[in-house]
1. Under 6 Å between Cβ atoms, at least 6 apart or on separate chains: pull out the pairs that start in region A:114-128 with a residue that is free of Cβ contacts under 8 Å to residues at least 40 places away in the same chain and end on any residue that is surrounded by fewer than 24 Cβ atoms within 10 Å (Cβ to Cβ).
2. Considering each residue of region A:94-121, count those that are of a type in the set (Lys, Arg) and more than 7 Å from chain B (Cβ to nearest Cβ), and give that number.
3. Just wondering, is there one or more residues in region B:125-140 that are outside any helix (DSSP H, G or I), basic (Lys, Arg), out of contact with any His (no Cβ under 9 Å at 6 or more places or on another chain) and more than 7 Å from every other protein chain (Cβ to nearest Cβ)?
4. Got a sec? Which of A:Leu124, A:Leu56, A:Leu61 is buried (at least 20 other Cβ atoms within 10 Å of the Cβ) and more than 11 Å from chain B (Cβ to nearest Cβ)?
5. Take A:Ala51 and tell me if it is in contact (Cβ under 8 Å) with a residue 40 or more places away in the chain and over 29 Å from B:Leu140 (Cα atoms).
6. Scan region A:4-48 residue by residue and report those that are more than 14 Å from chain B (Cβ to nearest Cβ), among the β-branched types (Val, Ile, Thr) and surrounded by 22 or more Cβ atoms within 10 Å (Cβ to Cβ).
7. State all residues of region A:64-93 that are more than 10 Å from every other protein chain (Cβ to nearest Cβ) and either closer than 29 Å to A:Ile129 by Cβ or modelled with pLDDT of 85 or more (or both); if no residue qualifies, say none.
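The values are calculated or read from the model by the stated rules, or taken from the named source; none is laboratory data. Note that the coordinates shown come from a computational prediction; the quantities given were computed from them, not determined experimentally. Cβ placement follows ideal geometry from the backbone for every residue including glycine, while neighbour counts extend to all protein chains displayed.
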Amino acid sequence: MGEIVRNIVRIFAGFTLLFGVYIVAYGHITPGGGFAGGVLIGGSFILLTLAYGKKLALQKLSRSMSSTLDSLGALIFLFLALVGIAGGYFFLNFLPLGKPFHLFSAGIIPLCNIAIGMKVGASLFAVFIALAMVRVVKHEDGTTDYLEETDDTEIKQ
Amino acid sequence: MLELYVLLGLMILGAIIAVETRELLSSIISIGAVGFILCVAFLRLHAPDIAITQLVVEVAVLIVLIRATIGRDTAITSGRGEFRSIALLTGLVAVIVFFAAMGLRCAPPFGEPLLTVSGTYLETGLEKTGAANIVSSVLLDFRAYDTLGEVTVLFASVAGALLFLRKKGKKTENG
């Protein structure tokens with residue numbers, strides 16, 4: 001990618017990540033939530049990949065790490081739902097509700113948002129990296145192979 | 001309640017056939033049958049809107065899947081089998097129409113939406129959940145079960161994509 005894109009991404013990738021975290025954390029007070037914020041978080045890593053190549057982005061968030069975060073987010077959400085059974089029913093809001101319009105309010109809703117944000121961001125990045133790394137090779141005898149690129153060149157446009 | 005258990009049993013049977021059968025096309029048709037029985041079950045539970053969504057999605061998915069497999073697996077039936085399948089299809093359509101009439105009878109009359117549930121959410125959302133964002137309180141408290149379903153769908157699709165795009169442990173055509 002060009003110099004302009006690299007410079008702009010260098011400045012804005014961090015802010016994109018931060019904004020994603022904000023959208024997730026304040027999902028119960030302001031518009032947004034786990035899904036929207038998670039897409040922003042994943043998008044910041046995708047921006048890094050597009051501007052600086054896979055190597056740098058994978059240093060920040062490796063593939064196994066993104067898979068782990070993906071699974072962990074889903075499991076935390078399910079765990080929060082299951083803990084509610086102990087107090088009565090599935091998805092019982094077991095934490096104190098607190099004062100409305102404060103960051104620590106609304107019981108388990110912010111925790112659910114964080115779990116979903118983690119899940120969505122990590123899975124978006126994992127799928128993007130998996131798609132970016134596959135190269136389709138068509139052989140002359142009609143068969144096709146799906147090879148994984150090993151070199152750390154930039155992704156072609 | 002009994003017919004619901006019959007429908008559930010048929011769905012489980014269809015799923016087992018879809019996994020166990022050797023032909024790809026038969027497997028897809030069994031999956032389609034499971035979807036249609038689920039649609040009938042939704043109608044039995046008086047949920048016509050979900051039944052319509054289920055029917056539309058099922059038809060679309062079935063068309064895509066059949067289009068994808070029809071070139072690879074061609075088993076043609078003819079003769080007496082054809083008459084039998086037409087009779088079976090007519091019976092299935094009759095079943096769907098019967099349950100649709102049953103389900104639509106309790107739908108609200110046209111032009112009078114029964115928005116009692118959403119009204120309650122709007123009125124009591126803040127005091128019940130403590131979340132200032134009413135959308136969040138619906139998504140993650142009143143309807144958290146739906147969100148769990150969405151997360152599960154997302155998880156399954158991502159796991160499937162990563163499974164097909166992996167390199168490690170994959171069999172190549174050369175063995």
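1. These pairs meet every condition: A:Val127/B:Val158; A:Val127/B:Ala161.
2. 1
3. If we filter region B:125-140 for residues that are outside any helix (DSSP H, G or I), which is where we start, we get B:130-133.
Then keep just the ones that are basic (Lys, Arg); that gives none.
No: region B:125-140 contains no residue that is outside any helix (DSSP H, G or I), basic (Lys, Arg), out of contact with any His (no Cβ under 9 Å at 6 or more places or on another chain) and more than 7 Å from every other protein chain (Cβ to nearest Cβ).
4. Among A:Leu124, A:Leu56, A:Leu61, only A:Leu61 is buried (at least 20 other Cβ atoms within 10 Å of the Cβ) and more than 11 Å from chain B (Cβ to nearest Cβ).
5. Taking the combined requirement at face value, the residue satisfies it.
6. Of everything in region A:4-48, just one residue is more than 14 Å from chain B (Cβ to nearest Cβ), among the β-branched types (Val, Ile, Thr) and surrounded by 22 or more Cβ atoms within 10 Å (Cβ to Cβ), namely A:Ile41.
7. Correct list: A:Ser64, A:Met65, A:Thr68, A:Leu69, A:Leu72, A:Ile76, A:Phe79, A:Leu82, A:Val83.
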